[in-house]
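Trainee: Got a structure here, written out as structure tokens. Questions coming.
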Amino acid sequence: MSEICNRLNRVNDRIRLTAQNAKRAPEHVRLLAVSKTFPADAIRAAWDCGQRCFGENYAGELARKATELADLDIEWHFIGHLQSNKTRLIATFAHWVHSIDRLSVAERLSHQRSPDMPPLQVCLQVNISGETRKSGVSPENISELAHAVATLPHLHLRGLMALPAISEDPTTQRATFALVRSIRDRLIEEGLTLDTLSMGMSGDLEAAVSEGATLVRVGSAIFGSRL
Ligand SMILES: *Cc1c(COP(=O)(O)O)cnc(C)c1O
């Protein structure tokens with residue numbers, strides 16, 4: 001068995017154990033393998049081990065890998081910062097986008113998504129730690145954006161994505177993820193249908209799953225450290 005397969009199995013074990021401890025059904029937590037910077041061969045090895053969803057941060061890299069791996073039934077997720085001049089590549093190659101943080105890029109993606117394809121599945125990225133340098137919409141502005149995105153014809157709003165400031169402290173990690181969940185719950189009370197909480201990475205997936213993550217984005221724990 002490949003090293004990548006071993007690591008993938010370990011990550012799936014972590015998710016399953018944590019979900020069970022939190023009295024959640026493990027199948028309600030999907031694993032997104034974040035393959036940015038790793039070669040197509042590494043993705044193939046993970047695919048051979050049963051992994052089907054992969055996440056990329058750069059539009060050009062996503063397009064290249066999706067083309068090279070077109071023989072595999074992969075679900076591609078774009079999780080990086082959205083640049084307006086790259087939306088067409090993303091609308092063409094991605095199934096999901098996690099990082100919507102302004103209406104203008106959402107409108108471009110909806111406009112550029114082919115009506116022959118299924119709608120692009122999207123999450124809004126919430127800037128939960130309030131860092132000015134990071135992308136993401138603030139909790140104060142998320143409701144307005146969510147209601148606007150929900151009306152776009154070729155997008156399907158699924159939920160929220162969070163990329164909190166790194167913390168080694170599980171209590172802090174859980175408090176932050178609980179905040180994201182409460183924002184999601186507030187949007188549901190406002191009438192939106194949201195089934196996705198994209199949160200948790202290699203170092204904090206236990207805290208995220210304990211607080212309701214439905215999708216964890218894991219890179220280094222599967223593919224090793226990025227160069
Ligand atoms: C790189 C990245 C990840 C994966 O991070 P790891 O710590 O390698 O698991 C998850 N989400 C986003 C948005 C990323 O850019």
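The values are calculated or read from the model by the stated rules, or taken from the named source; none is laboratory data. All figures in this text were calculated on a predicted structure; none of them were measured in a lab. Every residue, glycine among them, receives a Cβ derived from its backbone with ideal geometry; neighbour counts consider all protein chains shown. Heavy atoms of the whole protein, side chains included, go into the accessibility calculation; ligands, DNA and RNA do not. Shrake-Rupley method; radii C 1.70, N 1.55, O 1.52, S 1.80 Å.
Trainee: When the chain is treated as a GNM, springs tying every alpha-carbon pair under 10 Å, which of His147, His156, His98 comes out with the largest mean-square fluctuation?
Mentor: Its mean-square fluctuation being the largest, the pick is His147.
Trainee: So, one more: So which residue, out of Ala66, Ala146, Ala33, gets the largest mean-square fluctuation from a GNM of the chain using Cα contacts under 10 Å as springs?
Mentor: So, out of Ala66, Ala146, Ala33, the one fluctuating most is Ala66.
Trainee: Now for a separate question. Could you give me the percent of Cα pairs per 10 Å distance bin for the stretch 127-227, shortest bin first, beginning at zero and ending with the bin that holds the maximum distance?
Mentor: Percent of pairs per bin, in order: 15, 45, 31, 9, 0.
Trainee: Right, here's the next one. Enter the accessible area of Arg186 (Å², nearest 10), with the probe set to 1.4 Å and all protein chains included.
Mentor: 90
Trainee: Would you list Ser110, Ser210 from the most to the least accessible area, probe 1.4 Å?
Mentor: On the way: Ser110 5, Ser210 35 Å².
The most accessible residue leads, giving Ser210, Ser110.
Trainee: Count the lysine pairs in the chain that are 8 or more places apart or on different chains: how many have C-alpha atoms under 25 angstrom apart?
Mentor: Values: Lys36/Lys65; Lys36/Lys86; Lys36/Lys134; Lys65/Lys86; Lys86/Lys134.
Final tally of qualifying lysine pairs is 5.
Trainee: Going by the alpha-carbon gyration tensor, a ≥ b ≥ c the square roots of its eigenvalues, is the chain rounded (a/c under 1.5) or, if a/c is not under 1.5, prolate (a/b greater than b/c) versus oblate? The partial results should precede the final answer.
Mentor: Working: a/c = 1.65, a/b = 1.07, b/c = 1.55.
It is oblate, given that a/c is not under 1.5 and a/b is not larger than b/c.
Trainee: Summing Lys, Arg as +1 and Asp, Glu as -1, what charge do residues with Cβ under 13 Å from the Cβ of Leu69 carry, Leu69 excluded? Before the final figure, lay out the partial values.
Mentor: Values: positive: Arg44, Arg52, Arg64, Lys65; negative: Asp41, Asp48, Glu56, Glu61, Glu68, Asp71, Asp73, Glu75.
Spelling it out: positives minus negatives among the neighbours equals -4.
Trainee: So which cysteines of the chain have no other cysteine's Cβ under 4.7 Å from theirs?
Mentor: Cys53, Cys123
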